[in-house]
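Data first, discussion second: the structure below is written as structure tokens.
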Amino acid sequence: MNKKKIFAVVVVILLILIVALVIRKMTESDEVNADKGFVFDKNSPIKLKDIEIFYKDINFKEESAKDYFKDSIVNPYTIKFFMFLDENFKEFDSEEELLENVRKYLDDSMPEAMAGKLFELYKKFVRYQLTLGEKANEWGMPKTTEETVSFLHKLQNYRREVFGREIADVLFGASIKAEEYPLRRGAILNSRDMYGAEKEKRLQQLNQDMWGDEAQNVDAYAEPYVKYREKLAMYEKDFSEMSEEARKSQIKIFREELFSPEQVRGFEEVDRAIAKNEKMDQDYKAREAEIIHDASLEKAEKEKRISELQNQMYGDEADALRRRLAIEKGAGSAVNK
């Protein structure tokens, strides 16, 4: 039984990895067609607080589990508790042993009525996990954004068949929406054919479509540096058509929008250091090339002069430079074999 359960869990993990992989490979031709419908849109009961719960770390060993089910056994915490039970009783090889020990644990830790209802739902959850791998295999591994969204639809529809629509949406809705939103957002951000202004407009519409009255609060969850990296991705096409001076000017505007004056100065100091290092590397390569191509010098003399040049230009960092160059040379030799 454990092997089957592990396989089912692996399918879900793979789904998350697929979402991340597809986002990285996104192009405009693979853009999500929102007209096909969201799994959970702004009219669904899944709100930002449910996403917070989905990502919240809860230690049911140290906390009283019964406190999470006073109002209802079906809530955003239920699946977290069931996954805790899976982990806590993973040593049992048969479904019968697992359920027997889980039932005893529930009876010992909470009121009888609550324990009975949770146990009946957990039994259904166990059997759902045992069938999920086979179902996912039938659906096939998604390779595009559109297929991944379709996979999410199929996954949630199957859960609705097993648990009933209302219960399935409460149990799994936050996890689906937490996967669907970044997938669709990534499709917009990583489009190579849209300009930044159009992406901004589409992101605003996406937030409205998926979160409704909470749309303005979505971006508040992102750290400033994450927002900054998104801005750079959003305006990638614009940057490709700008002069270097205009690009730097626009980047400075983004930094001033998102960071304090002190942080902006920090970015500028890093920029200057990077530019200085790049200039030094360019000068070094030019002078190294002169030595290498000097026909009047023997090999040993060339190596001596190159070492002296490295010491002169890089000082205490010369040894680090030599190690880096040796690694690059070794990697290049391996590729050419």
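The table that follows gives values for the structure above.
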| quantity | calculated |
| --- | --- |
| Sole exception among (1) closer than 30 Å to Met194 by Cβ; (2) part of a helix (DSSP H, G or I); (3) at pLDDT 90 or above for Lys42, by number | (2) |
| Selection count, region 167-223, where residues are aliphatic (A, V, I, L, M), more than 16 Å from Ile46 (Cα to Cα) and within 20 Å of the chain's Cα centre (by Cα) | 7 |
| Residue check for Ser150: among the polar types (S, T, N, Q), assigned to a loop (DSSP other than H, G, I, E, B) and over 21 Å from Tyr55 (Cα atoms) | no |
| Which numbered condition Val226 misses (of (1) outside the structural domain of Ile51 (by TED's automatic domain parsing); (2) touching an Asp or Glu at 6+ places or on another chain (Cβ under 9 Å)) | (2) |
| Scan of region 61-84 for residues that are at pLDDT below 90 and assigned to a loop (DSSP other than H, G, I, E, B), ordered by number | Lys61, Glu62, Glu63, Ser64 |
| Extreme residue, farthest from Lys49 (Cα to Cα), among residues of region 161-182 that are in a helix (DSSP H, G or I) and among the small types (Gly, Ala, Ser) | Ala168 |
| Residue in region 315-324 that is outside any helix (DSSP H, G or I) and of a type outside the set (S, T, N, Q) present | no |
| Qualifying residue in region 198-220 (condition: more than 28 Å from Ile51 (Cα to Cα) and either in contact with a strand residue (DSSP E or B) (Cβ under 6 Å, 6 or more places away or on another chain) or loosely packed, with under 14 Cβ neighbours inside 10 Å (or both)) | no |
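Yes/no per residue for (1) in the same structural domain as Ser175 (by TED's automatic domain parsing); (2) of a type in the set (Gly, Ala, Ser); (3) loosely packed, with under 15 Cβ neighbours inside 10 Å:
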residue	(1), (2), (3)
Ser44	yes, yes, no
Asn59	yes, no, yes
Lys66	yes, no, yes
Lys70	yes, no, yes
Leu85	yes, no, no
Glu95	yes, no, no
Gly140	yes, yes, yes
Thr144	yes, no, no
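Each row is one residue, and each column tells you yes or no for (1) assigned by TED's automatic domain parsing to the domain that holds Asp57; (2) modelled with pLDDT under 95; (3) over 22 Å from Glu62 (Cα atoms).
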position	(1), (2), (3)
Leu98	yes, yes, no
Val102	yes, yes, no
Leu118	yes, no, no
Leu130	yes, yes, yes
Asn137	yes, yes, yes
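The values are calculated or read from the model by the stated rules, or taken from the named source; none is laboratory data. As the structure is a prediction and not an experimental result, all values here were calculated from the model. Here the Cβ is made from the backbone with ideal geometry for all residues, glycine too, and neighbour counts use every protein chain on show.
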